[in-house]
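Data first, discussion second: the structure below is written as structure tokens.
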């Protein structure tokens, strides 16, 4: 059981996920500092944006933390999209483009139109004898 656990922990996916979580937590601190700088530029009556509120039915509704969280989410989404999603999409597209240039390993049977290996001399579906080149 200990060997299985070690194999699980040392798997590439688990290690990659752990690194991603650690980097994400560190990046969160950077984003929060940036959000603090941005919200200092926004007008607020109390001087601190996190304490910004409005009155509704005799109660103070604090909206500053929500706006901070929304700005944080949008900044993180923008960074992830442009620094992770876009490059991965480009790499996938590039890899697919190179893959299409390879010589096909299958052919179609001219009798039943099934996909068969290129080296086949007989169709495995209709058992027709095929021409060899």
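Put one equal scatterer on each alpha carbon of region 64-133, apply the Debye formula with no solvent term, and list log10 I(q)/I(0) at q = 0.13, 0.16 1/Å to two decimals. Taking Cα atoms of region 64-133 as identical point scatterers yields -0.61, -0.71. The long axis of helix 64-80 is offset from the longest Cα principal axis of the chain by roughly 30 degrees. A crude spin-label estimate for the pair residue 83 and residue 119, with each label 7 Å from Cα along the Cβ direction, gives 4.8 nm. Taking the longest Cα principal axis of the chain as reference, the axis of helix 12-41 is set at about 30 degrees.
Between the entries (i) 8.1; (ii) 7.4; (iii) 19.0, the label attached to mean projected area of the Cα convex hull in nm² calculated for this structure is (iii). Ellipticity at 222 nm from helices only: DSSP H runs of n ≥ 4 in the chain, each -39500 (n - 2.57), divided by the residue count, give -17500 deg cm²/dmol. Sorted ascending by nearby beta carbons within 10 Å, beginning with the fewest, 38, 71 become 38, 71. Antiparallel beta bridges, as assigned by DSSP with both residues in the chain, represent about 100 percent of the total such bridges. Summary value for the chain: 10 percent relative contact order, contacts being C-alpha pairs under 8 angstrom separated by 6+ residues.
No lab work stands behind these numbers, since they all come straight from the coordinates. Predicted, not measured: the structure shown is a model, and the values here were computed from it. Here Cβ is always computed from backbone atoms with ideal geometry, including for glycine, and neighbour counts include all displayed protein chains.
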